[in-house]
Amino acid sequence: MLKLVATDLDGTFLKNDKSISKENLDVLQLLGEKRILRVVATGRNLKKTQEVIAHHVPFDYIVFSSGAGVYDCINKKLLFYQNLNKVTVQQLSEFLVARDLNFHLFKAIPENYKCWYYRGSIPCSEFERYFDFHQTNAEELLVNQQLDSEACQFLVVFPNNLDRFHTLKEEIKMNFPDVKVVRTSSPLETDYTWMEIFHHSVSKGNGVKFLCDLLQIEHEYTLGIGNDFNDLDLLEFTQYSYMVENGPQELKDRFLPTQSNEENAFAKAMGNHLAIGECIT
């Protein structure tokens with residue numbers, strides 16, 4: 001028996017062109033008929049989530065920005081958010097600037113679709129591609145001025161080098177115990193590593209746990225599905241946890257398997273638990 005299903009969006013529920021298959025949409029409808037709560041758990045901010053999840057797509061809640069916020073779709077209400085405090089934002093900004101890294105710093109929820117950016121001295125094509133998507137809501141980080149602002153998250157972009165990632169992660173953890181560092185594969189499908197930095201309590205898993213506590217849903221009645229490292233906390237929280245075929249091999253070895261996002265992974269995973277018709281065969 002299930003009471004709550006949580007799914008990642010990009011690379012999981014959505015197809016590569018960001019569309020939603022009829023099979024996945026049909027399963028969402030049937031879950032609603034069975035009174036099973038339907039939750040998006042995504043790294044996207046709320047504004048960008050709503051750009052791909054139209055009003056007719058029947059999700060009940062959105063855990064956005066990797067768990068930094070939780071939104072009630074039915075009542076159109078922000079239920080929870082967690083930002084980084086002003087001191088950490090300023091000190092960590094100085095730390096990253098001193099290491100000449102390319103990064104974006106997203107403003108505090110609910111304005112976290114806006115950001116500051118810092119361009120290091122070493123050119124980074126991935127940073128520029130991401131900047132092109134966000135430049136209308138971006139302003140340059142002025143290193144000689146105090147920000148005096150909370151923020152939702154940092155996004156650091158550098159060439160794919162796991163040794164460098166882990167070295168920087170340990171250095172950040174040592175100097176900033178109130179933050180959490182998350183590794184993410186580039187959604188631009190390039191050879192770069194993304195490092196996301198949040199308040200230490202932020203995760204997709206904690207966002208879903210918040211809903212379970214609020215709605216008095218027992219952990220053993222939850223299911224999650226994801227495709228990447230930033231879904232790890234979610235999949236470690238849910239009782240039944242699926243990794244899509246297009247996910248990293250090291251994660252596929254840890255969780256239940258399902259098809260790729262191009263092959264209706266969400267609908268197929270639900271088919272292992274619920275008899276909901278031909279759409280999952």
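The values are calculated or read from the model by the stated rules, or taken from the named source; none is laboratory data. Not measured: the values here are computed from a predicted model. Every residue, glycine as well, gets a Cβ built from its backbone with ideal geometry; the counts of neighbours run over all protein chains shown.
Some observations on this one:
- Here is the figure for segment 225-250: residues that are crowded, with 20+ Cβ neighbours inside 10 Å and free of Cβ contacts under 8 Å to residues at least 60 places away in the same chain total 6.
The rows are residues; the columns are (1) more than 28 Å from VAL5 (Cβ to Cβ); (2) out of contact with any His (no Cβ under 9 Å at 6 or more places or on another chain).
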site: THR193; (1), (2): yes, yes
site: ILE197; (1), (2): yes, yes
site: GLN216; (1), (2): no, yes
site: ASN230; (1), (2): no, yes
site: GLN239; (1), (2): no, no
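- Enumeration of residues in segment 34-72 that are surrounded by fewer than 19 Cβ atoms within 10 Å (Cβ to Cβ), within 26 Å of HIS200 (Cα to Cα), of a type outside the set (Asp, Glu) and without any contact (Cβ under 8 Å) to a residue 40 or more places away in the chain: GLN50
- Residue match in segment 152-165 (condition: free of Cβ contacts under 8 Å to residues at least 24 places away in the same chain, within 23 Å of ASN83 (Cβ to Cβ) and surrounded by fewer than 18 Cβ atoms within 10 Å (Cβ to Cβ)): no
- For segment 215-224, the criterion of being in contact with a helix residue (DSSP H, G or I) (Cβ under 6 Å, 6 or more places away or on another chain) and surrounded by 24 or more Cβ atoms within 10 Å (Cβ to Cβ) is met by at least one residue.
- Some residue of segment 180-195 being over 22 Å from PRO159 (Cβ atoms) and either touching a residue at least 60 places away in the same chain (Cβ under 8 Å) or of a type in the set (Lys, Arg) (or both): yes
- Taking segment 94-119 as the range and being surrounded by fewer than 20 Cβ atoms within 10 Å (Cβ to Cβ), among the charged types (D, E, K, R) and not in a helix (DSSP H, G or I) as the test, the residues that pass are ARG99, ASP100, GLU111, LYS114, ARG119.
- Check on LYS204, under 22 Å from ILE20 (Cα atoms), among the basic types (Lys, Arg) and modelled with pLDDT of 95 or more: yes
- Selection within segment 120-149 - surrounded by 17 or more Cβ atoms within 10 Å (Cβ to Cβ) and either part of a loop (DSSP other than H, G, I, E, B) or at positive phi (or both): GLY120, CYS124, LEU141
- Wholly within segment 189-281, helices (runs of 4 or more DSSP H) carrying at least 2 residues that are within 23 Å of ASN160 (Cα to Cα): 232-237, 249-252
- Single residue of segment 1-23 satisfying the filter (part of a helix (DSSP H, G or I) and in contact with a strand residue (DSSP E or B) (Cβ under 9 Å, 6 or more places away or on another chain)) that is surrounded by the fewest Cβ atoms within 10 Å (Cβ to Cβ): GLY11
- The lone exception for THR184 - which of (1) in the same structural domain as ASP72 (by TED's automatic domain parsing); (2) within 18 Å of SER66 (Cα to Cα) it fails: (1)
- Positions within segment 150-188 being in a strand (DSSP E or B) and of a type in the set (S, T, N, Q), in sequence order: GLN153, THR184, SER185
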